[in-house]
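The values are calculated or read from the model by the stated rules, or taken from the named source; none is laboratory data. It should be emphasised that the depicted structure is a prediction, and the values quoted were computed from it without experimental measurement. As a convention, Cβ positions derive from the backbone with ideal geometry for all residues, glycine included, and neighbour counts pool all protein chains shown.
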């Protein structure tokens, strides 16, 4: 088997006239944790449903663990552990019964069933609630039962639709840890709109917007690509106008763009200076301020983070994206 | 088949974790008791015929309540996504669900065995029609349950599923009730399509292959439509 575990080619999904997904092509390798990032309705869930053979794409196809989603959906499903967006739980069942049901549906037998239940219950810290009815559990526990269900058959591919939703920060960091561990040998796709989570958990990010993949890179490279550092100077506000302030810094040689954000009420003004290339302009900013007789209250260098890129990539088109 | 049984087993157990099964069983047994004993001593005959007649009718109304949630509820709560993304086919899901509810129905029928037993203590009961009656109930019930499952596959709202299933099952029961008002050739077709016509012939103790095939065909047809509905989700 090759190292490419998921291979999506030109996936398109139309619901009536609405295009939920347009020509999505990507590969995911073994040992990769891929973050699917995008606003609600961008096509993340649709992509996951296509990969798990819950819905068929209108065009294009995909292979998961070597099996085609059209030719051999059973093999595809067997290779995948899936946590849908709405955690699919039978609330009247006990956690143990539920995991046993899923294990049997996944083809586990005999002693292996109990053995795997014990293992996933430990991984997802479900030990305390294993004998409780699912309906009585808190959202965080329910989410973990959902995750345990997806892990029970040790699938080579894990597809998790918003796995961290409803978890408190401690639980989330445990689960993140777990996903990273799993991602070392297996393949994980997870969707989220929590950017910090992607930066911590994922080795690679796909940003989707309005059904299209608008970026595909590591979080670091994405940040580096769009992320020229900016210099932000805070100065004491005097009588000078915004234009005058701007002029004061215009003399800086390496500056490409200067913006003045007027802090009129606080008696401060901030000036954003984008350098040409990657020059360090801090000394120049200081000197320019002194020359113009301005009081420099603060000066910092800011890199653009994933959040900025996300916002830029997903709002650039029309603003009515839901 | 093993997967279908796993689904069926889960479904069967889940009935007993909720109120629906208990309510339906109670209502069926109480109504049957009321209608049956009300007239039993008037006839003064040790026959279970009346019991099957009433039970057949009561179940036409009661069984849709057992099937309404089968798929509708799974769709509403999203657990259908779990079932479908298991390494099984949609057909296995349908067969499993059907077996689950059929199992509950068998329990319900088993609970009515006290009727023929108590009748037999009062007089000389002919067990032939009793066996025929149970076979008939099982077959007619299977058809109604399959129709209910089909209705449940069309919606994520249990009440709509109940209403559709109830309408269809009453429709098939009532078909032969106003035959005298219709032209002969039409009447014979309607009679042949009627559940009660096929069922009543079995309660006489005659198990005719044609009656068996009739109910089996309706069952298979309804299950096939349920399968189509479940599968069409992929292509919508």
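A quick yes/no check of all residues on (1) modelled with pLDDT under 95; (2) under 26 Å from residue B:27 (Cα atoms); (3) in contact with a strand residue (DSSP E or B) (Cβ under 8 Å, 6 or more places away or on another chain):
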position	(1), (2), (3)
B:77	yes, no, no
B:87	yes, no, no
B:90	yes, no, no
B:95	no, no, no
B:113	yes, yes, no
B:145	no, yes, no
B:162	no, yes, no
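Might you check whether a residue that is within 14 Å of the chain's Cα centre (by Cα) and assigned to a loop (DSSP other than H, G, I, E, B) occurs anywhere in segment B:66-87? Yes: segment B:66-87 contains one or more residues that are within 14 Å of the chain's Cα centre (by Cα) and assigned to a loop (DSSP other than H, G, I, E, B).
Of all residues in segment A:94-108, one or more are more than 8 Å from chain B (Cβ to nearest Cβ) and in a loop (DSSP other than H, G, I, E, B).
The sole residue among A:140, A:166, A:146 that is assigned to a helix (DSSP H, G or I) and without any contact (Cβ under 8 Å) to a residue 40 or more places away in the chain is A:140. Inclusion of residue B:40 among residues that are more than 14 Å from chain A (Cβ to nearest Cβ) and either more than 22 Å from residue B:162 (Cα to Cα) or not in a loop (DSSP other than H, G, I, E, B) (or both) is warranted. Within segment A:47-67, identify whether any single residue is surrounded by 17 or more Cβ atoms within 10 Å (Cβ to Cβ), in a helix (DSSP H, G or I) and away from every other protein chain (no Cβ under 13 Å), and answer yes or no. Yes, segment A:47-67 has at least one match.
If you go through segment A:68-84 one residue at a time, how many are away from chain B (no Cβ under 12 Å) and in contact with a strand residue (DSSP E or B) (Cβ under 7 Å, 6 or more places away or on another chain)?
Restricting attention to segment A:68-84, the residues satisfying the condition of being away from chain B (no Cβ under 12 Å) are A:68, A:71.
Next cut, in contact with a strand residue (DSSP E or B) (Cβ under 7 Å, 6 or more places away or on another chain) only: A:68.
The total comes to 1.
Give the residue, chosen from B:15, B:22, B:105, that is over 30 Å from residue A:153 (Cβ atoms), assigned to a helix (DSSP H, G or I) and under 16 Å from the mean Cα position of the chain (by Cα).
Being over 30 Å from residue A:153 (Cβ atoms), assigned to a helix (DSSP H, G or I) and under 16 Å from the mean Cα position of the chain (by Cα) holds for just one of B:15, B:22, B:105, which is B:105.
Among residues that are buried (at least 19 other Cβ atoms within 10 Å of the Cβ), over 17 Å from residue B:78 (Cβ atoms), modelled with pLDDT under 95 and within 28 Å of the chain's Cα centre (by Cα), residue A:190 is included. Checked against (1) touching a strand residue (DSSP E or B) at 6+ places or on another chain (Cβ under 7 Å); (2) modelled with pLDDT under 90, residue A:2 passes all but condition (1). Is segment B:68-77 home to any residue that is free of Cβ contacts under 8 Å to residues at least 60 places away in the same chain, crowded, with 18+ Cβ neighbours inside 10 Å, touching a helix residue (DSSP H, G or I) at 6+ places or on another chain (Cβ under 7 Å) and within 13 Å of chain A (Cβ to nearest Cβ)? Scanning segment B:68-77 turns up at least one residue that is free of Cβ contacts under 8 Å to residues at least 60 places away in the same chain, crowded, with 18+ Cβ neighbours inside 10 Å, touching a helix residue (DSSP H, G or I) at 6+ places or on another chain (Cβ under 7 Å) and within 13 Å of chain A (Cβ to nearest Cβ).
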